[in-house]
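Working notes, beginning with the structure itself.
The values are calculated or read from the model by the stated rules, or taken from the named source; none is laboratory data. This structure is a prediction, so every number in the text was calculated from the model and none was measured. We place every Cβ from the backbone using ideal geometry, glycine too, and count neighbours over all the protein chains shown. Side chains are part of the model used for accessible areas, which takes the heavy atoms of the whole protein and leaves out ligands, DNA and RNA. Shrake-Rupley method; radii C 1.70, N 1.55, O 1.52, S 1.80 Å.
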Amino acid sequence: MYLGEASGLPLGAATRDAFGNALKDLGATNDRLVTVDGDVGNSTRTEPFALAYPDRAFNVGIAESNMVSVAGGLAACGKIPVVASFACFLMDNAFDQIRMSVAFPNLNVKLVGSHAGISIGEDGPSQMGIEDVALACSLPGVTVVVPSDAACTIEATKACLELEGPTYLRVGRGKVATVYPDGCPFELGKAITVRDGSDATIIANGLMVPGALDAAKMLEADGISCRVIDLHTIKPIDRDAIAAAAKETGAIVVAEEHLHHGGLGSAVAQVVAETAPVPMGFVNVGDQYAESGDPQGLLDKYGLTAAAVVDAVRQAHGRK
Amino acid sequence: MPELSLDDLKKKATQIRELIIRITTEAGSGHPSSSLSATEVVTALYFGGFMKYDPKNPSSPDRDRFILSKGHACPVLYSAMAEAGYFTTDDIMTLRKLGSPWEGHPNMRRLPGIEASTGSLGQGLSIGIGHALAGKMDGRNYQTYVMLGDGEMGEGQVWEAIAAAEKYALNNLTAIIDRNGYQQTGATKEVLDLTEFQPKIEAFGWHVQTINGNDMGEVVAALKTARGVNDKPTCIVSKTQKGYPVVPLLEAEGDPNYHGKPFSPELAKKALELIG
Ligand SMILES: Cc1ncc(C[n+]2csc(CCOP(=O)(O)OP(=O)(O)O)c2C)c(N)n1
Ligand SMILES: [Mg+2]
């Protein structure tokens, strides 16, 4: 049972595919767009762009540090470089280059991390990006976006490319449920309320948005009315939406496919603490590395399930 | 540390290849072609009398070390280690399944005899330097072997390590580059053409040999020569074919690189017939 299935959401495209196709389309009208790849374009899906615009696609080999700083140079010359690799190899392997060649000089580089989370499955922990959001959010001036479904990713890709400044976009490997069948009302930095409710709020991003919708449906049967917020932009964060949710519903649970420290949960907790302290709960991978296995089995084993969100909501709600 | 004859080494390599194909096809994912190119070298290390090891005492401080820096090729390592008695061939049939310690990339915290957790390319040679430096500090007489991919050689860290190994005159360190001519997105010539490794690494002060790494005789001879060098680190540029010896089958599938793709049951059957 995939996340979102219990809510009747159909399975849609993987967010990496949505990103890759959007990038290729945008390449037709924007000749400043270039890609810098580290030998994984067929995985990150920058390949369609590279095939369509070979003169604007650079594959520097398995050399992430070089890849990132090359992108910094291109950006300094007015290009809009999209530099994509697995989230772990991009953020973790080239972090100082991202700091010094992108964030500190505030250059217009579009970082894209694919294969985020544990749901990549069988390749195992060495290929899983689960520290990436913490790393990206730590960098001053970098906009950080984690879209939930294909439609949201298309809009997020456009918005990141239109923004003048460094961005980090996180996409996943496998197919995910469709949260926005009629297109996504996406605005950078603006949370989307995908379901309203009055007793508690679930704030989620990525594939935990459909998971949160499943949980809200289950909780409705118990008489707990849940608001569900898709907080796709972690930085800059929508403080108003978080503060309103805290004040109006009195309990908040944050669900994400990331480590416990430094992700969406930490970001939301800071805002809640500063604006309207209420009981909170956190659903995430915890403080541990995962293992190889099938994607669904891993999500179940590491507690990224609607049931885990339901438990967390009950607990936070009970502490009101 | 068994020391098989050349003929028996070739037979052992065939058994290991059969296992590589079986376990990756059973898993339905993984990197058989990257494993097959490296089979002669890994077989010779474990069965040609080059590495001293004891599967019953895998953490013995005097053991020789093998670090698979190109961790995605772990099916060849798991298969050789199963043949060597670290675990069984049934065990490794659980490759990549939830709960199995035979993960998609080597995890030293879950399996005996795995010297490094790899899978992020570029780090294994540096880890090997750590082992080699510790061996010198502790006065231990072990050798550290590190296998790298030719695409992996694009990582800057590898060249930082090459420089450092020369500085410390690590004659107890041997790097083996699996020069199979392909990386993930295509031929190394097209992605990042590092041309000849031998003169480059020689220029860093290493002893370097270039051999046909799918020829067991050449592999054994090169490992012997490397063992005899005692004043500098050694490197073997092992020219191989990715997917050897079933490359014609992969070509017929339209993808001689076959990177990160398991063989379908039908292809596996053909491949097993071809090598058997
Ligand atoms: C740091 C890092 N970047 C990218 C990858 C993704 N990746 C896995 S295997 C591979 C190609 C490896 O090519 P090569 O080193 O030549 O090994 P081969 O499979 O040809 O033996 C890539 C790019 C990775 N594992 N680690
Ligand atoms: Mg190669």
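Structure summary
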item	result
Tally of residues being open to solvent by 10 Å² or more (accessible area, probe 1.4 Å) and either more than 7 Å from chain A (Cβ to nearest Cβ) or out of contact with any Lys or Arg (no Cβ under 8 Å at 6 or more places or on another chain) (or both) across the range B:120-132	7
Filtered residue count, the range A:109-124, keeping only those that are assigned to a loop (DSSP other than H, G, I, E, B) and either open to solvent by 10 Å² or more (accessible area, probe 1.4 Å) or on the phi > 0 side of the Ramachandran plot (or both)	6
Test set (1) outside any helix (DSSP H, G or I); (2) out of contact with any Leu (no Cβ under 6 Å at 6 or more places or on another chain) - B:G135 fails condition number	(1)
Scope the range B:140-159; condition within 15 Å of ligand 2 (Cβ to nearest atom), under 14 Å from B:Q123 (Cβ atoms) and within 14 Å of chain A (Cβ to nearest Cβ); matching residues	B:L148, B:G149, B:E152, B:M153, B:G154, B:E155, B:V158
Matching residues, the range A:47-66, being at the interface with another protein chain (Cβ under 10 Å from one of its Cβ atoms) and at negative phi	A:E47, A:A50, A:N59, A:V60, A:I62, A:A63, A:E64, A:S65, A:N66
Selection count, the range B:21-43, where residues are within 16 Å of ligand 2 (Cβ to nearest atom) and either within 13 Å of the chain's Cα centre (by Cα) or at pLDDT below 95 (or both)	12
Tally of residues being more than 14 Å from chain B (Cβ to nearest Cβ) and part of a helix (DSSP H, G or I) across the range A:67-100	9
So B:K242, is it under 25 Å from B:A187 (Cα atoms), touching a Phe, Trp or Tyr at 6+ places or on another chain (Cβ under 9 Å) and charged (D, E, K, R)	yes
Identity of the residue in the range B:62-97, within 12 Å of chain A (Cβ to nearest Cβ) and away from ligand 1 (no atom under 16 Å from the Cβ), that ends up surrounded by the most Cβ atoms within 10 Å (Cβ to Cβ)	B:L95
Condition broken by A:G297, with the remaining ones in (1) in contact (Cβ under 8 Å) with a residue 12 or more places away in the chain; (2) within 14 Å of chain B (Cβ to nearest Cβ) satisfied	(1)
Counted residues, the range B:28-45 - those being away from ligand 1 (no atom under 16 Å from the Cβ) and either open to solvent by 20 Å² or more (accessible area, probe 1.4 Å) or farther than 17 Å from B:A221 by Cβ (or both)	1
Residue list for the range A:222-235, filter: touching a strand residue (DSSP E or B) at 6+ places or on another chain (Cβ under 7 Å) and open to solvent by 10 Å² or more (accessible area, probe 1.4 Å)	A:I224, A:R227, A:K235
Filter pass, B:K232 being over 17 Å from B:L45 (Cα atoms), open to solvent by 40 Å² or more (accessible area, probe 1.4 Å), more than 16 Å from ligand 2 (Cβ to nearest atom) and not aliphatic (A, V, I, L, M)	yes
Count of residues meeting criterion [more than 10 Å from ligand 2 (Cβ to nearest atom) and within 19 Å of B:H131 (Cβ to Cβ)] in the range B:160-191	17
Those strands (runs of 3 or more DSSP E) lying entirely in the range A:166-268 with at least 2 residues in contact (Cβ under 8 Å) with a residue 60 or more places away in the chain	A:167-170, A:175-177, A:200-204, A:226-230, A:233-235, A:252-255
For A:A76: the one exception among (1) open to solvent by less than 50 Å² (accessible area, probe 1.4 Å); (2) farther than 24 Å from B:Q183 by Cα	(1)
Subset tally (residues that are at pLDDT 95 or above and either within 12 Å of ligand 1 (Cβ to nearest atom) or within 14 Å of another protein chain (Cβ to nearest Cβ) (or both)) for the range B:167-196	17
Which listed residue, of B:K56, B:K52, is more than 26 Å from B:S100 (Cα to Cα) and either more than 16 Å from ligand 1 (Cβ to nearest atom) or open to solvent by less than 10 Å² (accessible area, probe 1.4 Å) (or both)	B:K52
Test: residue in the range B:156-166 that is surrounded by fewer than 22 Cβ atoms within 10 Å (Cβ to Cβ), over 19 Å from the mean Cα position of the chain (by Cα), within 14 Å of ligand 1 (Cβ to nearest atom) and part of a helix (DSSP H, G or I)	yes
Residue match in the range B:246-253 (condition: among the charged types (D, E, K, R), in contact with a helix residue (DSSP H, G or I) (Cβ under 9 Å, 6 or more places away or on another chain), more than 16 Å from ligand 1 (Cβ to nearest atom) and farther than 26 Å from A:E122 by Cβ)	no
Members of the range B:197-220 found to be open to solvent by 60 Å² or more (accessible area, probe 1.4 Å) and either within 14 Å of chain A (Cβ to nearest Cβ) or in a helix (DSSP H, G or I) (or both), listed by number	B:P199, B:K200, B:E202, B:A203, B:E218
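Conditions (1) out of contact with any helix residue (DSSP H, G or I) (no Cβ under 8 Å at 6 or more places or on another chain); (2) without any contact (Cβ under 8 Å) to a residue 40 or more places away in the chain, marked per residue:
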| residue | (1), (2) |
| --- | --- |
| B:G119 | no, no |
| B:Q123 | no, no |
| B:S126 | no, yes |
| B:H131 | yes, no |
| B:V146 | no, no |
| B:G156 | no, yes |
| B:L173 | no, no |
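One line per residue, one yes/no per condition, for (1) part of a helix (DSSP H, G or I); (2) over 20 Å from A:L304 (Cβ atoms):
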site	(1), (2)
A:S126	yes, no
A:A134	yes, no
A:V144	no, no
A:C160	yes, yes
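Rundown of residues vs (1) farther than 25 Å from A:V313 by Cβ; (2) of a type outside the set (A, V, I, L, M), yes/no style:
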| residue | (1), (2) |
| --- | --- |
| A:C160 | yes, yes |
| A:E164 | yes, yes |
| A:T167 | yes, yes |
| A:G172 | no, yes |
| A:V179 | no, no |
| A:C184 | no, yes |
| A:I192 | no, no |
| A:G197 | no, yes |
